[in-house]
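One structure is given below, encoded as structure tokens.
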Amino acid sequence: MHFNSLSRRHFARIAAALGLPTLPAEPLRAASHRDDRPTDRRFPDGFIWGTATSAFQIEGAVSEDGRGPSIWDRYAHIPGKIADGSDADVACDHYHRDTEDVQLMKALGTTAYRFSIAWPRLFPDGLGAPNPKGLAFYDRLVDELLANGIAPFATMYHWDLPQALQERFGGWRSRDTAEVFADYVAYAAGRLSDRVRHIFTVNECARLVQLGYGLGYDAPGLTLPQGELNQVRHHVALGHGLAVQAVRAHGRPGTKVGPAENIVACIPAFDAPAHVRAAEIATRELNAGYLTVMLEGNYTDAFLASAGADAPKYTAEDLAIIASPIDFLGLNVYKPDQYAVAADNEAGFALAPLPTSFPHMYSDWLRVAPEAMYWSPRHAARLWNVKSIYITENGTSATDEVDADGRVWDLDRVMYLRNYLTQLQRATAEGVPVQGYFLWSLLDNFEWQDGFEKRYGIHRVDFKTQVRTPKLSADFYRETIRRNGVA
Ligand code: IFM
């Protein structure tokens with residue numbers, strides 16, 4: 001028997017004995033008295049509220065309408081790679097349920113949706129002739145979003161590299177992949193930017209390089225030596241820059257473009273000027289391979305010195321491409337990566353070791369420190385004079401037990417979101433230019449090597465029936481959006 005149905009029944013018996021109210025089976029609505037309560041926790045007018053997903057994690061339909069295989073299709077089918085032995089052949093079946101999923105967004109009151117385009121749907125072999133049926137899916141999705149008052153924000157690369165490019169070029173080991181990436185982006189921007197006015201280039205360069213090519217946990221599952229890994233890192237950054245240029249050259253004038261990066265979040269041990277400065281310096285150095293080079297046009301001296309003979313090979317022209325001007329910075333913020341303290345050393349900072357007792361959410365890696373949501377955009381704005389920031393992902397996994405009525409009381413997710421959003425509101429109230437927030441994720445979905453065991457959605461997906469059910473966190477998010485302030 002499920003723990004939660006047991007505890008719920010137990011609670012119901014005690015509640016009845018004490019004359020207490022029991023849990024409602026229906027989604028909670030905000031009590032009206034809250035509406036009048038003064039609050040200083042409002043976000044700026046016009047703040048954009050959205051949800052985020054990625055193609056491979058939700059679409060399914062992997063062989064339909066001419067889609068080619070991606071490295072993740074191949075990888076997920078290698079026995080032992082995915083924790084629960086699953087694959088994403090069907091996932092959330094979003095390819096066939098997109099209109100239903102847009103209605104979920106509408107019911108939340110979101111005004112934007114961040115999705116990714118599957119490169120192998122548009123170019124089954126990664127290059128060459130485009131596949132019109134693949135584009136047609138995104139055409140339909142974009143039109144459906146707009147018809148429901150939801151602005152589409154499209155990510156061009158969320159890790160589903162066409163398998164053909166892995167075989168032909170060795171994936172991002174070759175700069176050829178960066179160049180054909182730009183061709184694909186040029187095509188997608190040319191066809192969609194009359195309606196898609198915001199484009200993200202690459203999602204989480206840092207993770208795709210480190211886990212895919214360094215640690216071998218993600219597709220393509222390689223464990224390259226440091227020198228080769230640094231070259232991959234450089235090609236991915238170059239791919240970002242070439243993609244920015246492709247959007248400028250082929251998108252409608254005014255199309256906005258930027259990266260969506262999982263910034264290495266460096267937090268001051270506590271809020272004292274010397275530690276804050278140390279955390280800023282640490283942010284610049286620990287993000288040297290992506291954000292710093294994208295925004296400064298140079299690898300830092302410390303990055304190059306520590307890489308030594310393993311430093312990437314590059315030209316001055318490469319650096320200029322990587323640093324092509326962007327319109328906004330997308331930051332994926334989940335956890336604190338490092339705590340910085342002031343230090344009297346050449347670097348200007350030291351990193352405090354994280355105690356093993358530091359709290360985390362259901363996923364072990366997801367250490368919980370809401371202030372990451374305050375410091376990350378603030379550091380970015382101050383270090384690089386960034387004028388427009390979107391939080392492109394934030395959310396958490398949870399056990400998500402289902403009660404006897406089919407409801408999920410994901411109070412841990414609500415706790416996490418409430419605290420992170422409170423810190424985001426603090427940042428906006430201080431003038432940090434964050435213009436929108438995309439919650440990860442709209443739906444439970446295929447969580448890469450964790451398969452379906454780690455759920456991140458604010459809507460539960462029953463993967464047998466494909467029924468979607470709002471969790472308590474969906475109610476929380478709807479209320480937060482309604483009041484434009486943390487609920
Ligand atoms: O599911 C992933 C997403 O694809 C990239 N950012 C982190 C999420 C949670 O692990």
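Below is a table of values for the structure above.
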{"read-out": "DSSP loop GluC sites (Glu not before Pro) with at most 11 other Cβ within 10 Å excluded, longest remaining stretch of the chain", "value": "1-345"}
{"read-out": "Cα-based Rg and Dmax for the chain, where Dmax is the largest Cα-Cα distance (Å)", "value": "22.3, 75"}
{"read-out": "T223 versus E64: modelled label distance in nm, points set 7 Å from Cα along the beta carbon direction", "value": "3.8 nm"}
{"read-out": "Within the chain, percent of DSSP bridges classed antiparallel, to nearest 5", "value": "25 percent"}
{"read-out": "Solvent-accessible area, 1.4 Å probe, carbon plus sulfur percent, for region 282-431", "value": "51 percent"}
{"read-out": "N298-T399 FRET efficiency (beta carbon distance; Förster radius 45 Å; 0.05 resolution)", "value": "0.50"}
{"read-out": "Sequence-distant aspartates and glutamates (8 or more away, or on other chains) whose Cα lies within less than 16 Å of K256", "value": "D194, D327"}
{"read-out": "Length released on extending from A305 to A320, taking residue separation times 0.36 nm less the Cα-Cα span", "value": "3.3 nm"}
{"read-out": "Residue-averaged 222 nm ellipticity for the chain, from DSSP H runs of 4+ at -39500 (n - 2.57), nearest 500", "value": "-12000 deg cm²/dmol"}
{"read-out": "The chain - charge dipole about Cα centre, Lys and Arg +1 at Cβ, Asp and Glu -1, debye rounded to 20", "value": "1140 debye"}
{"read-out": "In nm, spacing of pseudo-spin labels at D89 and Y187 (7 Å Cα→C-beta vector)", "value": "2.7 nm"}
{"read-out": "FRET efficiency estimate (nearest 0.05) - Cβ-Cβ, A129 to H360, R0 51 angstrom", "value": "0.65"}
{"read-out": "Solvent exposure of the chain as accessible area per residue, Å², 1.4 Å probe", "value": "39 Å²"}
{"read-out": "Computed E for A350/K387 - FRET, C-beta separation, R0 35 angstrom, nearest 0.05", "value": "0.65"}
{"read-out": "Kirkwood-type radius of region 217-268, with distances r between different C-alpha atoms, in Å", "value": "13.7 Å"}
{"read-out": "Beta bridges per DSSP with both ends in region 347-487, % antiparallel, nearest 5", "value": "60 percent"}
{"read-out": "Trypsin sites (Lys or Arg not before Pro), loop per DSSP, at most 11 other Cβ atoms within 10 Å - longest free stretch of the chain", "value": "30-312"}
{"read-out": "Beta bridges by DSSP in region 233-363, antiparallel share as percent, to the nearest 5", "value": "40 percent"}
{"read-out": "Listed pairs K81/K471; K81/K454; K335/K454; K106/K387 exceeding 23 Å between Cα atoms", "value": "K81/K471; K106/K387"}
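The values are calculated or read from the model by the stated rules, or taken from the named source; none is laboratory data. This structure is a prediction, so every number in the text was calculated from the model and none was measured. Here Cβ is always computed from backbone atoms with ideal geometry, including for glycine, and neighbour counts include all displayed protein chains. SASA here: full protein model, heavy atoms, side chains in, ligands and nucleic acids out. Shrake-Rupley method; radii C 1.70, N 1.55, O 1.52, S 1.80 Å.
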